[in-house]
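Report on one structure; see the data block that follows.
The values are calculated or read from the model by the stated rules, or taken from the named source; none is laboratory data. Just so it is clear, the model here is predicted, and its values are computed rather than measured. Don't worry about glycine lacking a Cβ; one is built from the backbone with ideal geometry, like all the others, and counts go over all protein chains shown.
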Amino acid sequence: EEIESFLDRLPSMPDAFVCASDYVGCILMQLLTKRGIRIPEDVALSGFDANLENPLAENLTTVQVFNQEIGFRLALQILYRVQHPNVPFETTYIATKVILRGSTGDPII
């Protein structure tokens, strides 16, 4: 209902949606299709988290995150922080992988 309400309040349809999860992306894909909006012709759509267990996401472009790597790095940083509480904080970058599927059309190169 919240996503439908959000769509109703849009002054115009954007070129693309980038969703916080594949779950939200799949719901949005269904709602847009029900409204006659073609994906990717009218609107490009991407999820995030590469939830391979969701059969509805098989056509959804997504970003795969590596949860095991995130957990490992987090554990290391917590242990380091406990041993060195006064060291300045730092930013950690962890690679992701874009998985192109049918919801974004062909990439422009």
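Quick one: how many residues across the stretch 1-42 are under 13 Å from T61 (Cβ atoms) and charged (D, E, K, R)?
Count: 1.
Please count how many residues of the stretch 53-92 are closer than 24 Å to V24 by Cβ and outside any helix (DSSP H, G or I).
Within the stretch 53-92, residues that are closer than 24 Å to V24 by Cβ and outside any helix (DSSP H, G or I) number 9.
Is it true that A50 is crowded, with 16+ Cβ neighbours inside 10 Å, modelled with pLDDT under 95 and touching a strand residue (DSSP E or B) at 6+ places or on another chain (Cβ under 6 Å)?
In short, yes.
From the list L32, L45, exactly one residue is surrounded by 15 or more Cβ atoms within 10 Å (Cβ to Cβ), closer than 14 Å to G105 by Cβ and in contact with a Leu (Cβ under 8 Å, 6 or more places away or on another chain). Which is it?
L45
Give me the residue from the stretch 56-72 that is farther than 17 Å from C19 by Cβ and surrounded by fewer than 14 Cβ atoms within 10 Å (Cβ to Cβ) and, out of that set, nearest to the chain's Cα centre (by Cα).
To start, the set of residues in the stretch 56-72 that are farther than 17 Å from C19 by Cβ comprises 66-72.
Pick out the ones that are also surrounded by fewer than 14 Cβ atoms within 10 Å (Cβ to Cβ) and you get 67-72.
Values: N67: 14, Q68: 18, E69: 18, I70: 16, G71: 19, F72: 21 Å.
Residue satisfying both the conditions and the ranking: N67.
Enumerate the pairs (first residue in the stretch 82-98 and closer than 30 Å to N51 by Cα; second residue anywhere and surrounded by 10 or more Cβ atoms within 10 Å (Cβ to Cβ) and of a type in the set (K, R)) with beta-carbon separation below 9 Å, excluding pairs fewer than 6 apart on the same chain, so at least 6 apart or on different chains.
If the second residue must be surrounded by 10 or more Cβ atoms within 10 Å (Cβ to Cβ) and of a type in the set (K, R), the pairs left are T92/R73; I94/R73.
The conditions are (1) without any contact (Cβ under 8 Å) to a residue 40 or more places away in the chain; (2) under 17 Å from the mean Cα position of the chain (by Cα), and G105 fails exactly one of them. Which is it?
(1)
How about the stretch 16-51: which of its residues are of a type in the set (V, I, T), more than 21 Å from V98 (Cβ to Cβ) and in a loop (DSSP other than H, G, I, E, B)?
I37
Just to be sure before I move on: is R101 part of a loop (DSSP other than H, G, I, E, B), surrounded by 12 or more Cβ atoms within 10 Å (Cβ to Cβ) and of a type in the set (D, E, K, R) in the structure I sent? Reasoning before the result, please.
Values: part of a loop (DSSP other than H, G, I, E, B): yes; surrounded by 12 or more Cβ atoms within 10 Å (Cβ to Cβ): yes; of a type in the set (D, E, K, R): yes.
It is true that R101 is part of a loop (DSSP other than H, G, I, E, B), surrounded by 12 or more Cβ atoms within 10 Å (Cβ to Cβ) and of a type in the set (D, E, K, R).
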